[in-house]
Structure formats: structure tokens, C-alpha cells
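Report on one structure; see the data block that follows.
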Amino acid sequence: MTSTPPEKQNPTVLNYMDAKPDHREMGLCYAVSTDGIHWEKPDLGLLEFGGNKRNNILMRHVHGAGVFKDDRETNPARRYKMLFCGEPQMTVAFSADGLNWSRSIPIPEIEAHGTHANAFWAPDLGKYVGFTRQHARRGSDSIRQVIRTESPDFVHWTQDKFVLEGPTPRLQTHDMIVFPTCGIYLGLLGMMVHPEDSRFRVKQHVELTWSIDTITWNHVQAGTPLIGHSPARSETYGAMPYDWGTIFASAPVFRDNEIQLYYGAGDWYFFNWRKGYLALATLRPDGWAGYEPISAETPGVITTTPLTFFGDTVGVTADVRNGGSVRVSILDGAGNIQAASDPITDTITDGRVKWSKSQDVVGLRGEKIRLRFQLRNAKLYSFQIRREL
């Protein structure tokens, strides 16, 4: 049975399948890799499926599971933690090795229709924080919302509260993977795009959000994908690029020279049968978002809000191309230049700014200043005031 209108029923135009095939179910499986590119699915021999245990299944009847290794945990049996929808309710489980899991503990305080559940220890908050999804009503429309909950011990959780939703029923938040980094929290937000008031031709990409407390969230250039779809010249079922239809993010892996973003990809529309893939996107270090000039002909200028200059130098992360440059100035409260840098003409990661004419900026320590960045054919990702002397 399908809800595809009769006039649109053909092999390449499909809509939402209402029927669930026999012998199909959700599960959690295990794979290993030495390089993050080539993966193996070992025969674990833990659970029977299809009449034997020659498989890589960790759990059956599990939906939207989020697993993480808790390095601060003192109980070895709880080193690995999982938050998931256990059909029919949200639950948690623990493991010493990530393979053999405890019995599930139900969490009635969290919406039972959650998906892409994820949790972590928030050091500045001193508690575990979890995120998943719920359905809500806005008039006659059914919408999806990102919900948040917290716990002191990963067993007792607060009643979930909604923290983020899309602007319209045609642009909905589906899931958000949250993680702490650089003193704030970033969210990889799955956005469902409905071209029509139906489930027809729905796709999903990933955008970027940020928060200082995991409660109030801010969009980074809403509508602009952080991970977008691979393009295609034509639309033919079964012949589309691996991530043409859907993208579901996971928590990033931070390497010395890059940020790795593994994601689940689908080659067709959200509510249709599609092939699934594990995919990898990469960013340069600290390359989540940046400022660059709108026009290559005119330099871009960024001036910060007032900052306390507690150090003696500034570190900058930026891409510089085609003979471009980044120049940094320190301004006092009246807007006067107190120090100016030599031009930065190469791409750098947390590179130390060199002040022109060996200017001594130590005397500015403790003062309120502003930093001004002038960008020409360059993209500024981040900066930090450092104390080296």
C-alpha cells in the first residue's frame, strides 16, 4: 500500500510507504576500521538473526541509538553509555567494552518517539545532557521538534523540554547531534525540506547551530547546508548519488589536521525506499564557519565587540588565497589603533600574529580593546587572545 496519488504512480515517482515489510526491523550493529575509510563487519556471535549468530548485531529492536565512551566514568561496567528508543520507550544501557550491553533501563520522562538520540557529559554544567526528537501539533500541522533532557547519573533524567523547531511545517528540524568544543556547544541539525504540504519529495540536509548553555540555540546562516547533497543532472530512481536524498550526521572526530564528520546518507527521498551509505565529510581545523568578503574587489572588515586584552598576542585561523591577506589591528576604546600586524599572506591554523615594527602590546594587558580584521581574498575562522610571556 502506498499513499502516492494515482496520477503520480510510476516507477520513478514514489511516495511514502505505509506498509512495513515482513522480517525487517531496527537494530544496532558493529563495524571496525583502522583508518576510518575501510570498514569491516566482524561476526560477533552475540545475537541470533536469520537462524544463526554469524552477524555483527549488538542489539535488536533498537531505534536511533546514540553511543559514547565516558572517559570520566569510574565504574568500568558503565564506561560506554547508550541512549536510544527501545520500542516502545526511550531507554539507556551500559557496557564495559561497547559490545556486551546491560539490560535496558526505561526513561519515561523522555518522549517515546525519539530518534537520533545523543548524549554527553557537559563539564561546565556538571551533568549529562541528552537530545532527541518529538512530534508536536501546530494548528492542523504535525511538526518535529528537538528536545533536551539532563541527568546527574545517566539513569535519572529530567522531563524533556523542546529547545528548537523549524520556521514552517515545510522546513522542519528532524534531529540534532550536539557536542562541546572550544567552550561552547555546536549542533549538527538535520533539516527536512518539504516542497509540498505532504510527504512527497522530502529531502534532508545538515546545518550548523551553536549554544552557550545547550538550551538556547542559534542558527549559523539558516538555510545554508554544512553538509549538503551531491548534485545530479537528472532524477532517476536507483541511479542517484549516494547522498542525493538524505543526510544524517554523527558526532565529529577531531584529528590533528582535520575534523571528520561521518554521516548516514541516502540516495533517494526521505519517505521512499532508498539505499543507505556511511559517508565522510571533512573540515579544516576550526573550520565550522567563517567570515569572508562578499566581493573579491573590496576587502572585508570585521570589528569585534569590546574584549579584555589579558594576553600579549593573538592567534588566528584563516584561509588565504590568490595573493590575499589578513591584517589585524588592536583598537582602544576611542577606536584609535594601538597596534597593527604585518599582513598574514598564507593559510594558517592558530598562527601567531606578528606586530609591525615590533610593537609592544604587553602594556595593553588588562585594557578593554577591540580587534579589527581586514580580509582580502581570505576567510577568517577564529581567533584567540593568548598569553605567552
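Each reported figure results from applying straightforward, stated rules to the coordinates on display, with no laboratory input. Only a predicted model underlies this, so the values are computations on that prediction, with no experimental measurement involved. Cβ atoms come from the backbone with ideal geometry, glycine included; neighbour counts cover every protein chain shown.
Roughly how large, in nm² to one decimal, is the mean projection of the convex hull of the alpha-carbon atoms in the range 300-386?
5.0
Using the Karplus curve 6.51 cos²θ - 1.76 cosθ + 1.60 with θ = phi - 60°, work out ³J(HN,Hα) for each residue of the range 291-308 in order, rounded to whole Hz, and write x for Gly and Pro.
10, 8, x, 5, 10, 5, 7, 10, x, x, 10, 10, 10, 6, 6, x, 10, 8
Let's test this: bin the Cα-Cα distances of the chain at 10 Å from zero up to the farthest pair and state each bin's percent.
Going from the shortest bin to the longest, the percentages are 4, 18, 26, 24, 16, 8, 2, 0.
Show the residues, 5+ positions off or on another chain, whose built amide H is closer than 5 Å to the amide H of Q338.
HN-HN under 5 Å from Q338: I330, L331, D332.
Under a plain spin-label model, where a point goes 7 Å from the Cα along Cα-to-Cβ, how far apart in nm are S140 and L46?
4.7
Under a 5 Å amide H to amide H cut-off, with H placed in plane at 1.01 Å, what residues pair with W355 once short-range neighbours are removed?
Those qualifying (amide H under 5 Å, at least 5 residues apart or on another chain) are D342.
Can you list the lysines whose alpha carbon sits under 22 Å from that of K69, skipping same-chain ones fewer than 8 residues off?
Qualifying lysines at Cα under 22 Å: K41, K81, K127.
Between E235 and W39, 0.36 nm times their residue separation minus their Cα-Cα distance comes to what?
67.6 nm
If one computes the Cα centroid of the range 90-164 and of the range 314-343, what distance in Å separates the two points?
44
Per residue of the range 218-235, in order, report the coupling 6.51 cos²θ - 1.76 cosθ + 1.60 (Karplus, θ = phi - 60°) as ³J(HN,Hα) in whole Hz, putting x for Gly and Pro.
Listing the rounded values in order: 10, 7, 9, 6, 3, x, 9, x, 7, 10, x, 7, 5, x, 8, 6, 9, 10 Hz.
Tell me, what is the FRET efficiency for S198 and Q260 to the nearest 0.05, using R0 = 30 angstrom and their Cβ-Cβ distance as r?
The pair S198/Q260 has a calculated efficiency of 0.25.
Short version: ³J(HN,Hα) in whole Hz for each residue of the range 357-370, in order, from phi by Karplus 6.51 cos²θ - 1.76 cosθ + 1.60 (θ = phi - 60°), x for Gly and Pro, what are they?
6, 6, 4, 8, 9, 4, x, 8, 4, x, 8, 7, 9, 10
Taking R0 as 51 Å, what FRET efficiency do you get between V362 and N322 from their Cβ-Cβ distance, rounded to the nearest 0.05?
The formula returns an efficiency of 0.90 here.
Let me know the shape class of the range 194-284, please: from the alpha-carbon gyration tensor, a ≥ b ≥ c as square roots of the eigenvalues, rounded when a/c is under 1.5, otherwise prolate if a/b is greater than b/c, or oblate.
Note, shape of the range 194-284 comes out oblate.
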